[in-house]
Amino acid sequence: MRSSQETDFVSRLWRYDGEPGELIPLLQSAQEHFGYVPRRAITYISETTGTPESTIYGVITFYSQFRLQPMGKYQIRLCTGTACHVAGAPTLLDALRDELGVEEGGTTRDGLFTLLTVACLGCCSLAPAMMINDDTHGSLTPAGARKTIRRIRREENRKAETQESLA
């Protein structure tokens, strides 16, 4: 049975009638369904619309809203706005890169974390700040950021061990 997002994606492709400007909505629909734009969706869109894959890749890489890789379960958004920058965001970014082993925009090998930077989280009084999914963490230090990541990893490992023992 198809999810509503997949139905929307397939429905959009079936309704495609060659109208200019449909590529971005098709890509948005694919990303909404898959969480990113996978190779198979690019091929499918290319075959359906007659748009060369190279053109589709060009659009995907031009717009920052599109991703070619899946996002982690936990999306870390580190604020790099003025207040956070002055309060130490660059050192937090270095600590997070080191702790996670990824650069900005990267996802850890285990698929748990994606590290992103944003211009502002709107919580300047908590500078420097980051959000992990919907949870805001403020007045951070590099050690505090590392501790938060390690706590989440421990919790995820416990969940995985519990599921394994139940299987």
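Here are a few things to note about the model shown:
- Angle of helix 142-166 to the longest C-alpha principal axis of the chain, folded into 0 to 90 degrees and rounded to 10: 60°.
- Projecting the Cα atoms of Ala129, Thr107, Gly81 onto the charge dipole of the chain, computed from C-beta unit charges around the Cα centre, puts Ala129 farthest toward the positive end.
- Ellipticity at 222 nm from helices only: DSSP H runs of n ≥ 4 in the chain, each -39500 (n - 2.57), divided by the residue count, give -16500 deg cm²/dmol.
- Antiparallel bridges, percent of DSSP beta bridges restricted to the chain (to nearest 5): 55 percent
- Within the range 74-166, DSSP assigns beta bridges of which about 55% are antiparallel (rounded to the nearest 5).
- The chain - charge dipole about Cα centre, Lys and Arg +1 at Cβ, Asp and Glu -1, debye rounded to 20: 540 debye
- In the set [x] 1.62; [y] 1.03; [z] 1.07, the label that goes with Rg/Rh (Cα atoms, Kirkwood Rh) computed for this structure is [z].
- 12 Å beta-carbon shell around Thr148, net charge (K/R +1, D/E -1): +3
- Built amide H within the under 5 Å cut-off of Val37, gap 5+: Arg67, Leu68, Gln69
- Between the alpha-carbon centres of the range 111-139 and the range 82-105 there is a gap of 10 Å.
Coordinate-derived values only; no laboratory data. On a predicted model such as this, the values are computed, not experimentally measured, just so you know. So basically every Cβ, Gly included, is an ideal-geometry build from the backbone, and we count neighbours across all protein chains shown.
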